[in-house]
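Take a look at the structure below.
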Amino acid sequence: MIEFQNVSKSYKKGSKAVDGLNMTVNNGEIFGFLGPNGAGKSTTIRMLTGILNIDEGKILCDGHDITAEPMAAKRSFGYVPDSPDQFLSMKGIEYLNFVADIYDVADRKEKIRTLTQKFEIFDALNNQIESYSHGMRQKIVICGALLHDPDNWILDEPMTGLDPRSAYDLKEMMRQHADSGKCVFFSTHVLDVAEKICDRVGIIHNGKLLFVGTLQEMRDTFKENTSLEELFLEITEDAQTNI
Ligand SMILES: Nc1ncnc2c1ncn2[C@@H]1O[C@H](COP(=O)(O)OP(=O)(O)OP(=O)(O)O)[C@@H](O)[C@H]1O
Ligand SMILES: [Mg+2]
C-alpha cells in the first residue's frame, strides 16, 4: 500500500512539478498513473522511492515513511525507473547478483533463472548490459526489481521497449501480483493497456491530480460510453485551457 499525503516538489522557485498530491494505492489493485509529458509522474515516483527529497508532505509505503524510515520503506518495494540505462558496465548476471546481495535474496540462482527465462534474457546474462538492446535492458531492470519478491511494485513506464510477448507476460504478472493482495503502481502513456488492466487510475497534469478512481467513475463524472483515451484527452485539454 502506498499513501501520498499532500506531497509537493519544486525544481525551481515558483513552479511546482508536483503540487499537493493526495492519493492512495491500495493492496490488491493495479493502479495506473497517467498524465502528459512533464506532468509530474516520474517526479512523484522518484520521491516515492527516496531518490528525490520531498519538499512538503509525506509518502508512506506499507506504513513506512520514506523520509523517516527509508530502509523499511525501500525493503517493501521494487522499482523500475523510467530509463533502464544503468549499470551498463556490469554483466547481466553481475547486476542481478549485486541486487540479490543488497536484498539478501535466498535461492537466488533459482529465482534468477526463472525470471530471466520468463523474459528470455537468460542466455544474455554473461554479456555486458551495455551490449543489450533497449528492450533487453528494460527486461534486466525488471528482473532486478522483482528479484526480492517485493510487496509493492513501482514501475515507471515499464512496457517501453518490451516486445509483445514480454509485455503480455509482464501484464499477467502484474495482475497475479495484485490478485495476491499486493500492490502495483505504474505510470504509462499506453492508454489501451491502462484501460485493460488498471483497477483504478490517477491523472496528473501540471503537477496536480485531476482525477483518481475507476474507469467507470471517470465515465460517470465526465462522459458515458467513452474510451479512456478520449476521456484522458478531454480531461487534460480542459485543464490546459483553464491555465
Ligand atoms: N531534474 C530536473 N530538473 C529540473 N526540472 C525537472 C527535472 N526533472 C523534471 N523536471 C521538470 O518537472 C516537471 C515534471 O517532470 P516529470 O519528469 O516528473 O514528468 P513525467 O510526467 O514523468 O513526464 P514523461 O511522461 O515525459 O516521463 C517537468 O516540467 C520537468 O521539466
Ligand atoms: Mg516520466
Counting just the residues of the range 48-66 that are of a type outside the set (Asp, Glu) and over 26 Å from Val105 (Cβ atoms), which one comes out farthest from ligand 2 (Cβ to nearest atom)?
Lys58
Test: residue in the range 44-63 that is buried (at least 20 other Cβ atoms within 10 Å of the Cβ), outside any loop (DSSP other than H, G, I, E, B) and either at positive phi or hydroxyl-bearing (Ser, Thr, Tyr) (or both):
yes
Filter the range 163-217 for residues that are hydroxyl-bearing (Ser, Thr, Tyr) and touching a residue at least 24 places away in the same chain (Cβ under 8 Å); which is nearest to Met1 (Cα to Cα)?
Ser187
Qualifying residue in the range 82-101 (condition: in contact (Cβ under 8 Å) with a residue 60 or more places away in the chain and in contact with a helix residue (DSSP H, G or I) (Cβ under 9 Å, 6 or more places away or on another chain)):
yes
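Residue-by-condition table, conditions (1) within 13 Å of ligand 1 (Cβ to nearest atom); (2) closer than 27 Å to Ser180 by Cβ; (3) at pLDDT 95 or above:
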| residue | (1), (2), (3) |
| --- | --- |
| Asp19 | yes, no, yes |
| Val25 | no, yes, yes |
| Thr44 | yes, yes, yes |
| Asp55 | yes, no, yes |
| Lys74 | no, yes, yes |
| Phe77 | no, yes, yes |
Checking Asp220, Asp179, Asp192 in turn, the sole residue that is more than 26 Å from Ser83 (Cβ to Cβ) and under 22 Å from the mean Cα position of the chain (by Cα) turns out to be Asp179
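The values are calculated or read from the model by the stated rules, or taken from the named source; none is laboratory data. Quick caveat: nothing in here was measured; it's all calculated off a predicted structure. Neighbour counts are summed over all protein chains in view; Cβ atoms, including those assigned to glycine, are modelled from backbone coordinates with ideal geometry.
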